[in-house]
Amino acid sequence: MPKIELPKTYDFHAVERTLYEWWESSGFFQPVIDHNRKPFVISIPPPNVTGELHLGHAMFVSIEDLMIRYHRMRGEPTLWLPGSDHAGIATQLLVERMLEREGTSREALGREKFLQRAWEWKRKYGGIIYDQLRRLGASCDWTRERFTLDDGLALSVREAFVRLFEKELLYRGPRLVNWSPGLRTAVSDLEVEYSDEPGTLYYFKYLIKDESGKGDPTDRPYIPVATTRPETILGDTAVAVHPEDPRYAALVGRTALVPILGREIPVIADVAVDREFGTGALKITPGHDPIDYEVGKNHGLPILSIFDKNACLNENGGPYRGMDRFQCRKQMWADMRAAGLVIKEEPYMLRVPRSQRGGEIVEPMISTQWFIKIQPLAEAAFAAVRDGRVKIIPEHFEKIYFNWLEHIQDWCISRQLWWGHRIPVWYCPEGHMTSGREDPAACFVCGSRTLQQDEDVLDTWFSSGLWPFSTLGWPDETRDLKYFYPTSVMETAYDILFFWVARMIMFGMEFTGEPPFHTVYLHGLVRDEQGRKMSKSIGNVMDPRWVMDGATAAQIREAGGSAEILEKYPEGIPPMGTDALRFTLITSGSPGTDLNLSIERVEANRNFANKLWNAGRYMLTAFEKLGAECEKAPYNTADRWILSRLSRTISDSTHLMDTYQYGEAGRMVYDFFWGEFADWYIELSKLQIAESPARARTTVQILAHVFDNCLRLLHPFTPFVTEALWGFLKDACRLAGEDFDPPAGWPEALIIAPWPKPVDPVDERALEEFSLFMDVVRAIRNLRAEKKVPLTKKTSAVILADKYKEQLSTSAAGLCLLARIDPQGLQFADKAPSDSKGSVPLVVGPVRILIPLAEMADPGAERARLLRESEDVKSQIARVQKLLASDFGSRAPASVVEKERTRLTALKENRDKLEEQLKALGK
């Protein structure tokens, strides 16, 4: 048949972008609404518009695209809805830095002009992540792309806020929040990163007030207290001790005096006090510590805030007013030392909360914010998982989810920013609050037309919580919303289970009456090869394009790559291709477990892509050897075996895909393709194709069928190389004849080809017979490797197969090819020949194999080697026997003793094997 050219090597640079553009322009990513079929839908976790994806993000893209491609091939209308998040804090920070470089600020511009500049920045830089998503092969429906600040989502956010406001599930008031002094806004727990840093534990005296007024001031009783933040003493409103601590029992109910200020505060007893920390007595600062805040509420203590928005001391700071918090710490401690109140200092490792964006230490502060009364929403989200409407994978995360919801606190949803969804609440001079779906012209309470809108914006997670249904048009009953909602799976990292996933479930239940998805799939975090989290502060963050496309040292340096990366890759990073990166990320771990990723692991999977390509090249050369159409030969054992193994691989891997065991499914297909199809059947096909035209046609047809199905099974994992090869295979099959067409014909592209179906029943006899054949080949190969026989050297072999003689003799040619046996020297016998004394015996189940030792090694040198090994093994046997005969056998743990007994058994087996080989040499 005509020759079809396949390039000698797989050039992913030439293939990947071209294929992606073809897929997208052909409309393969866009689902067709079919009300007779249930769709499969994923709303992409919207990456921040400010950022660039790193290798950690590449994990979610790879897994979600795998899900989408798999369900698309299953014939389901499949939607992967893309978009990005406006990232309130991150974007505003970057724009403010840009303005600072220009010599201006957001305050100087004013809100309206600042927002204009922010939108300009978004339009200029916001597309980087979309290019990265495309390079990773993300088959998103780009015609439905959304942004959390677009007009449609703004309408959704407004509707959600107003509904909560009307149900009185929102309130505004002072509460303790995480405050970022650098950003001058409240931040969520997710935006706070904790680091272990060396600090100091300060011990000081909390003087007890002399109620009589007659005591000696220099000998006044005191409670020793330890703190890591002396500046917060100024905000103390109590000293607490444990109610069962005898050291301080007599002081409970007395009055203590705040150092320097002299303000009177009570000594209280509370079980929250850790008697093992410091002195066992704690200063209580409800305005600047979350635990103290709860203690303060329980005891009705006043709450003092001593910092302003810049974390400088305010009017409650006494003589330290206006000082920065750390300057105050230094000065106040010096003043306390001068007053004789310092006891000692000692080094202490601190768990320091820092702003994820700004890097400064976050300050717990009382601030007037908007909150959601979260309990009713949390109860609905709890029930949705408990009764099985939402399944979390891995299952053990359900317990963590339940525990978080059971202890949930009201959600602070306001941020002191300009970039974001401005809170739709207006205030009149009388202090009334008005909120509605349209901007009000007058106060809803008093009718005043003098209104001022709230300056704050909503937490980014508020709009993100609406993502699964707002992106489909909610609150309008759009065609997309009716068909694609609820979505199917929410796939994301386990570290945002609470901050995002739980809130989506809460909002889905609250606003649509049903969960937004039926399954939550949590992947682990991608760490570097040392197990460290990807972090710019560490310097181990990599752009996935560096791995896919390769990057020179200069390119890495120019893109902001760290010195650590440049030190590890001084010559740059070699190109690996998208498929190798994706396959590594998907198959190297399991749901919910972290992955330590190395470039070397990706390189190994680049070799797999090359293996696929080389198999494709062989396939096309096999087609070239076909003559005119002819009758096909009946299937032999190898044919029936590979078809049965293919059927079982399809069945098992499909089950794994359906149960979210994607890594295991990928590894299974990999093992079948490389370890069975390529290593065994392709090698045997070389003999079969040369046997006869009929046998050639049968063999090539089987090769094409198995290769076609392998490419389909692998497509969700490695979309580019499989699509490229499948196109060549399709062309070759069409030229070969109709008998090479698959049952459903050839679709336009692999991306929309049907998922393979297993053929039942499998041929168990063929599986058993070929398994024996493989075991015989492996045994001979292992012996050759042990004796270091060159690959080019062939040996003789006598096979004593008894009732399996006929079965194995029909595979003699394949046995000679794969086990490197000289066809003239292969014998099938009922008993050992008289001249077999110098042969090494191999036992493979019911089969015995004799290989002349002289043909594999110099007899003298081999005898000397075997004698050395035999003496060494005998020496080890003697040592273990002596150990077991001693009191070790009765004193050591049973598991340790059993381990030595097992070792002794193995040593004896090795000794017997060596003795048999020496005997064969004529000992």
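Test of understanding: express the Cα radius of gyration of region 767-811 as a ratio to 2.2 N^0.38 Å, with N the residue count.
1.27
Just the projected area, averaged over all directions, of the convex hull on the alpha carbon atoms of region 799-847: how many nm²?
3.6
For the chain, what is the percent of antiparallel DSSP beta bridges, rounded to the nearest 5?
70
What nm value, rounded to one decimal, do you get for the distance between Ala628 and Ala906 when each label is placed 7 Å out toward the C-beta?
The answer from the label model is 6.3 nm.
Taking a 1.4 Å probe, which of Lys167, Lys344, Lys919 shows the most accessible area, and what order do the others take after it?
Lys919, Lys167, Lys344
For labels at Glu691 and Ser448 in the simple 7 Å Cα→Cβ model, what's the distance in nm?
If labels sit at Glu691 and Ser448, their model points lie 9.5 nm apart.
Exactly which trypsin sites (Lys or Arg not before Pro) in region 711-814 are in a DSSP loop and have at most 12 other Cβ atoms within 10 Å?
Numbers: sites: Arg712, Lys730, Arg734, Arg765, Arg778, Arg781, Arg784, Lys787, Lys788, Lys793, Lys794, Lys803, Lys805; in loops: Lys787, Lys788, Lys793, Lys794.
Hits after loop and neighbour filter: Lys788, Lys793.
To the nearest 0.05, what FRET efficiency results for Ala813 and Leu155 with a Förster distance of 60 Å applied to their C-beta separation?
0.25
Using just the Cα positions, wrap region 717-766 in a convex hull and report its mean projected area in square nanometres, one decimal place.
For region 717-766, the mean projected area of the Cα convex hull comes to 4.9 nm².
Once you have all Cα-Cα distances for region 212-297, histogram them in 5 Å bins from zero and send the whole-percent values.
P(r) for region 212-297, in whole percents per bin: 3, 14, 26, 28, 18, 7, 4, 0.
What three numbers, in Å, describe the spread of the alpha carbons of region 817-892 along their principal axes, ordered from the longest?
For region 817-892, the Cα spread along each principal axis is 59, 31, 27 Å.
Identify, among Ile284, Pro259, Ala269, the residue whose Cα sits farthest towards the positive end of the charge dipole of region 256-301, taking +1 on the Cβ of Lys and Arg and -1 on the Cβ of Asp and Glu, with the dipole about the Cα centre.
About the Cα centre, the residue reaching furthest to the positive side is Pro259.
What are the principal axis extents of the Cα atoms in region 68-164, in Å, biggest first?
Projected onto the principal axes, the Cα atoms of region 68-164 cover 57, 39, 18 Å.
Going by Cα centres, region 246-301 and region 388-403 are how many Å apart?
A separation of 38 Å, based on Cα centres.
Lys788 to Tyr635: FRET efficiency via 1/(1 + (r/R0)^6), r the Cβ-Cβ distance, R0 51 Å, to the nearest 0.05?
On the way: r = 38 Å, r/R0 = 0.74.
Efficiency, from the Cβ-Cβ distance: 0.85.
Based on the inverse mean of 1/r over its pairs of different Cα atoms, what is the Kirkwood hydrodynamic radius of region 21-70, in Å?
By the Kirkwood definition, the hydrodynamic radius is 13.2 Å.
Please get the size of the charge dipole for the chain, origin at its Cα centre, with Cβ charges of +1 on Lys and Arg and -1 on Asp and Glu, quoted in debye to the nearest 20.
Numbers: 114 positive and 129 negative charges, 423 e Å.
Roughly 2040 debye for the chain.
Just from the alpha-carbon atoms, what are the Rg and Dmax of the chain in angstroms?
Gyration radius and largest Cα-Cα distance of the chain: 36.5, 120 Å.
How compact and how long is region 241-337, expressed as Rg and Dmax of its alpha-carbon atoms in Å?
14.6, 42
Given a Förster distance of 22 Å, report the FRET efficiency between Ala604 and Arg734 from their Cβ-Cβ distance, rounded to the nearest 0.05.
According to the calculation, E is roughly 0.05.
Within region 508-547, list the residues whose amide N lies under 15 Å from a label point set 7 Å along Cα→Cβ of Lys568.
Output list for this probe position: 526-547.
Could you give the length gained on full extension between Glu558 and Ala14, defined as 0.36 nm per residue of separation minus the Cα-Cα distance, in nm? Before the final figure, lay out each step's value.
Details: separation 544, 0.36 × 544 = 195.84 nm, distance 2.47 nm.
Full-extension gain reported as 193.4 nm.
What percent do you get for the relative contact order of region 544-668 when only Cα pairs under 8 Å and 6+ apart count?
Computed over region 544-668, the figure is 25 percent.
As a quick test, which of the pairs Lys8/Lys757; Lys831/Lys919; Lys803/Lys831; Lys8/Lys794; Lys297/Lys344; Lys831/Lys908 have an alpha carbon distance above 20 angstrom in this structure?
From the list (Lys8/Lys757; Lys831/Lys919; Lys803/Lys831; Lys8/Lys794; Lys297/Lys344; Lys831/Lys908), the Cα-Cα distance tops 20 Å for Lys8/Lys757; Lys8/Lys794; Lys297/Lys344; Lys831/Lys908.
Give the percent of DSSP beta bridges with both residues in region 214-302 that are antiparallel, rounded to the nearest 5.
Looking only at bridges with both residues in region 214-302, the antiparallel portion is about 70 percent.
Looking at region 434-481, what % of the alpha carbon pairs are farther apart than 11 Å?
Above the 11 Å cut-off, region 434-481 has 75 percent of its Cα pairs.
Length gain on complete extension for the stretch Ala892 to Thr104, per 0.36 nm per residue less the alpha carbon to alpha carbon distance? Intermediate values should be presented prior to the final figure.
Numbers: separation 788, 0.36 × 788 = 283.68 nm, distance 7.57 nm.
Using 0.36 nm per residue and subtracting the Cα-Cα distance, I get 276.1 nm.
At q = 0.09, 0.11, 0.12, 0.23 Å⁻¹, what is the base-10 log of I(q)/I(0) for region 785-914 according to the Debye formula with one equal point scatterer per Cα and no solvent? Please give it to two decimals.
Reported log10 I(q)/I(0), two decimals: -0.41, -0.57, -0.64, -1.32.
What is the spread of the Cα atoms of region 528-586 along each of their three principal axes, largest first, in whole Å?
On the principal axes, region 528-586 reaches 28, 25, 15 Å in Cα extent.
Any idea what angle helix 290-299 forms with the longest principal axis of the chain, computed on alpha-carbon atoms, 0 to 90 degrees, nearest 10?
50
Rounded to the nearest 500 deg cm²/dmol, what is the calculated helix-only ellipticity per residue at 222 nm for the chain, with -39500 (n - 2.57) per DSSP H run of length n ≥ 4?
-13500 deg cm²/dmol
If you scale each eigenvalue of the Cα gyration tensor by 5 and take the root, what three semi-axes come out for region 354-511, rounded to whole angstrom and sorted largest first?
For region 354-511, the ellipsoid semi-axes come out as 31, 22, 15 Å.
So if the hydrodynamic radius of region 468-561 is defined as the Kirkwood radius over C-alpha pairs, what does Stokes-Einstein give as its diffusion coefficient at 4 °C and 1.567 mPa s, in µm² per second?
79
Relative to 2.2 N^0.38 Å, what does the C-alpha radius of gyration of region 589-707 come to as a ratio? Two decimals please.
1.26
What percent does the relative contact order of the chain come to when contacts are Cα pairs within less than 8 Å and at least six residues apart?
The value is 12 percent.
How big, in percent, is the set of alpha carbon pairs in region 530-675 lying more than 28 Å apart?
40
Write down the percent of antiparallel bridges among all DSSP beta bridges whose residues are both part of region 453-599, to the nearest 5.
Around 20 percent of the beta bridges assigned by DSSP in region 453-599 are antiparallel ones.
Using the Karplus equation 6.51 cos²θ - 1.76 cosθ + 1.60 (θ = phi - 60°), what ³J(HN,Hα) coupling, rounded to whole Hz, does each residue of region 823-831 give in order, writing x for Gly and Pro?
Coupling constants for region 823-831: x, 6, x, 8, 10, 10, 9, 8, 8 Hz.
Percentage of Cα-Cα pair distances in region 606-665 greater than 13 Å, rounded to whole percent? Spell out each step's value before the answer.
Working: 1350 of 1770 pairs.
Roughly 76 percent, once rounded to a whole number.
Based on the Cα gyration tensor of region 19-116, what are the three equivalent ellipsoid semi-axes, each the root of five times an eigenvalue, rounded to whole Å and given largest first?
Values: eigenvalues 308, 44, 29 Å².
So the three semi-axes of region 19-116 are 39, 15, 12 Å.
What spacing in nm lies between the two simple spin-label points modelled at Asp760 and Lys38, each 7 Å away from Cα in the Cβ direction?
2.1
Express the C-alpha Rg of region 752-851 as a ratio against the empirical globular expectation 2.2 N^0.38 Å, rounded to two decimals.
Relative to the rule-of-thumb radius for its length, region 752-851 sits at 1.29.
Provide the gained length on full extension for the span Arg172 to Asp210, in nm with one decimal, where the gain is 0.36 nm per separating residue minus the Cα-Cα distance.
Here the segment from Arg172 to Asp210 would lengthen by 9.5 nm.
The values are calculated or read from the model by the stated rules, or taken from the named source; none is laboratory data. It should be emphasised that the depicted structure is a prediction, and the values quoted were computed from it without experimental measurement. When we count neighbours, we look across all protein chains shown, and the Cβ atoms used for this are built from the backbone with ideal geometry, even at glycine. Note: areas computed on protein heavy atoms with side chains; ligands, DNA, RNA excluded. Shrake-Rupley method; radii C 1.70, N 1.55, O 1.52, S 1.80 Å.
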